[in-house]
Amino acid sequence: PATIALQNVSRRYGDTVALYPSDLTCDPASTTVLIGPSGCGKSTLIRIIAGLIVPDTGSVSLGGVRLTAQNGGELRQKLGYVIQDGGLFPHLSARDNVALLPRYLNHPKGAIERRVQELADLVQIPATSLDRFPRELSGGQRQRIGLMRALMNDPKIVLLDEPLGALDPITRSELQVQLKAIFDHLKKTVVIVTHDMTEAAYFGDCIVLMRAGQIVQRGALAELVEHP
Ligand code: ADP
Ligand code: ADP
């Protein structure tokens, strides 16, 4: 079954319709890219998947389980969410940002340390950088620390809102290659928001084109090019 299944989800803010009733499914271990101009509803859609916004209509299922007010917290632990620039707490070191949730959940100290080291190796963050504060890191490093934090409890689903948006072109293309390798290796089901078509083409097994609160087209790149 689909790892993510949205049925008829919609959301408005007062008179503004951020998202008209929409359906979306994401296959296991696939990458779906939401692309469209600013204000078209991409963030609203990905935040609905993340359980951060409750849709006005419709249903969200993750791993075949429907999201409800009761199980929302539990289901959200099955996904990792990374926002632009990593979304790190500025007053905590990179390491403390990454370990925050498992420490709060009283996971064993040794296990947390091993997991942090494993993920640091995976995203290629040197140990010295883990003891820096977010402002002392480069944009690409902040993004990778944000990814480490999202991967800590090994979620099946990883959501990224504009992961490369704040980066210079060279860091951007390096991190793009690195992210794709990581997600392919870990077989995650990934949803990425971007407004960059090159990025969408690079990442997307499935590309979802959005405009003015609607999904106007979806498919593999080849399908979209052949039937524009
Ligand atoms: P995108 O991520 O594609 O830029 P958003 O999902 O952020 O689009 O926004 C979709 C529409 O909903 C826009 O018109 C935006 O101004 C509006 N919107 C989003 N969040 C809010 C909010 N909290 N209050 C009012 N309007 C909002
Ligand atoms: P993005 O395009 O990445 O969603 P924005 O700068 O549009 O970023 O939105 C940042 C925050 O402001 C979001 O939490 C969004 O929900 C909220 N927001 C967006 N548009 C409006 C709006 N018209 N009124 C109130 N809040 C908004």
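Side notes on the structure shown:
- Estimated translational D of region 5-129 in µm²/s (Stokes, Kirkwood radius over Cα pairs; 25 °C; 0.890 mPa s): 144
- Globularity ratio of region 10-66, using Cα Rg and 2.2 N^0.38 Å: 1.15
- Interchain or long-range residues, amide H under 5 Å from Val193's placed H: Leu34, Leu160, Asp161, Glu162
- Calculated diffusion of the chain, Stokes-Einstein form, Kirkwood radius summed over Cα pairs, 4 °C and 1.567 mPa s, µm²/s: 72
- Mean residue ellipticity (222 nm) of the chain, computed from DSSP H runs ≥ 4 via -39,500 (n - 2.57), nearest 500: -11000 deg cm²/dmol
- The convex hull of the Cα atoms of region 44-92, projected and averaged over all directions, covers 4.4 nm².
- Electrostatic tally near Ala166: other residues with Cβ closer than 10 Å to its Cβ, Lys and Arg +1, Asp and Glu -1, net -1.
- Charge tally in the Cβ shell below 10 Å around Arg103, where Lys, Arg are +1 and Asp, Glu are -1, Arg103 excluded: 0
- Diagonalising the gyration tensor over the Cα atoms of region 155-226 and scaling each eigenvalue by 5 before taking the square root yields semi-axes of 20, 15, 13 Å, largest first.
- Chain lengthening between Ala212 and Phe133 when straightened (0.36 nm per residue, less Cα-Cα): 24.6 nm
- Charge context of Gly63, other residues only, Cβ under 9 angstrom, K/R +1, D/E -1: +2
- When peptides 105-117, 137-149, 33-45, 213-225 are ranked by their average number of other Cβ atoms within 10 Å per residue, the highest-first order is 137-149, 33-45, 213-225, 105-117.
- Largest mean-square fluctuation among Leu167, Leu79, Leu151, in a Gaussian network model of the chain whose springs join Cα atoms under 10 Å apart, belongs to Leu167.
- Under-5 Å amide H pairs with Ile53, H placed in peptide plane, nonlocal only: Ile48
Read-outs: derived from the displayed coordinates by stated rules, not from any lab. Quantities reported herein were computed from a predicted structural model and do not represent experimental measurements. Using ideal geometry, Cβ is built from the backbone for each residue, glycine included, and neighbour counts are taken over all protein chains shown.
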